[in-house]
Amino acid sequence: MNYDETEIPRNYDRGRDHGPELLNLWMNVLSAHVKDQKIETILDLGCGTGRFSETLAAHFAAQVIGIDPSQKMLEQAEKKKVDVRVRYEQGHAESIPLPDGSVDLIFMSMSFHHFEDPAQAARECRRVLRRGSLAFLRGGSRDRISSYACVDFFPASRSIMEKCLPATDFMREVFAAAGFQIVDQQLITQEIAPNYSVYADKLATGADSVLAQLSAADFEAGLKAMRAYDGSVQAVTEPIDLLVFRS
């Protein structure tokens, strides 16, 4: 999806901000793998509105370069930037505008399924990553579609996800072919809303690129069903795949 041809960037943070607890969860997951490795420069590849960029800079006391192809997404990131260690550049994963061996860690969040040429993107990651360093791929996968909280309310979203989301085996194979070693694969369950009514309000912002492809009627019907759901008092969780690779 070309985000610059949509209005998704304007409301992206409203729909995808799940609070500091979620950010802390993911920083702790990353730290468990990084351990005592010195991190000076991080590439936030497919950074979007910079949802993780400043947290990465603060957590690792590192310079962070956020790269994304969408000018609109980067404009939103720039508006809220406060940490001088973070900078944003427009660019594509298939041709990362950085020198060879110039970063100590790569973080990719919900971006792999947007790569036009995943194999080339993986080769570029290996090129810019220092030898022995880690690349983290955080994303949705075809394997988990039935577990995503929105699918039962928006049944037409299933076929869209089946087309656009990669299988975890495919992600592993792509990075292995580029010369990476798989270090770990985990399924992290994160809380994305305290109840289904709040979750519906988040989705109503139009920040989800899959649901944005639904007809207006299907979208509104799904929101209505979600708000009326009997289990609305329960927290909404989401399984996210994490793959860790070493260059």
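The values are calculated or read from the model by the stated rules, or taken from the named source; none is laboratory data. None of the values given here were measured: they were computed from a predicted structure. Cβ: placed from backbone, ideal geometry, glycine included. Neighbour counts: every protein chain shown. All accessible areas refer to the heavy atoms of the entire protein, side chains included, with ligands and DNA or RNA removed. Shrake-Rupley method; radii C 1.70, N 1.55, O 1.52, S 1.80 Å.
Values for this structure:
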{"quantity": "Global form of the range 1-147, assessed from the alpha-carbon gyration tensor, a/c cut-off 1.5", "calculated": "rounded"}
{"quantity": "Share of carbon and sulfur in the accessible heavy-atom surface of the range 90-247 [1.4 Å probe, %]", "calculated": "47 percent"}
{"quantity": "Residue among E21, E94, E124 with the largest mean-square fluctuation in a Gaussian network model of the chain, springs linking Cα atoms under 10 Å", "calculated": "E21"}
{"quantity": "Under 13 Å from K80, Cα to Cα: aspartates and glutamates that are on another chain or at least 8 residues apart", "calculated": "D13, E54"}
{"quantity": "Fraction of alpha-carbon pairs over 15 Å apart in the range 171-218 - percent", "calculated": "67 percent"}
{"quantity": "Two-decimal log10 I(q)/I(0) for the range 133-192, as the Debye equation yields it once each C-alpha is a single scatterer, q = 0.19, 0.30 Å⁻¹", "calculated": "-0.79, -1.34"}
{"quantity": "Cβ-based net charge around F107, under 12 Å, with every Lys or Arg adding one and every Asp or Glu removing one", "calculated": "0"}
{"quantity": "The range 4-80: trypsin sites (Lys or Arg not before Pro) in DSSP coil with no more than 10 other Cβ atoms inside 10 Å", "calculated": "K35, K38"}
{"quantity": "FRET efficiency estimate (nearest 0.05) - Cβ-Cβ, E89 to E7, R0 25 angstrom", "calculated": "0.60"}
{"quantity": "Gyration tensor verdict on the range 190-242 (Cα atoms; rounded if a/c is under 1.5, prolate if a/b is larger than b/c, oblate otherwise)", "calculated": "oblate"}
{"quantity": "Of L43, L30, L214, the one that fluctuates the most in a GNM where the chain has Cα springs shorter than 10 Å", "calculated": "L214"}
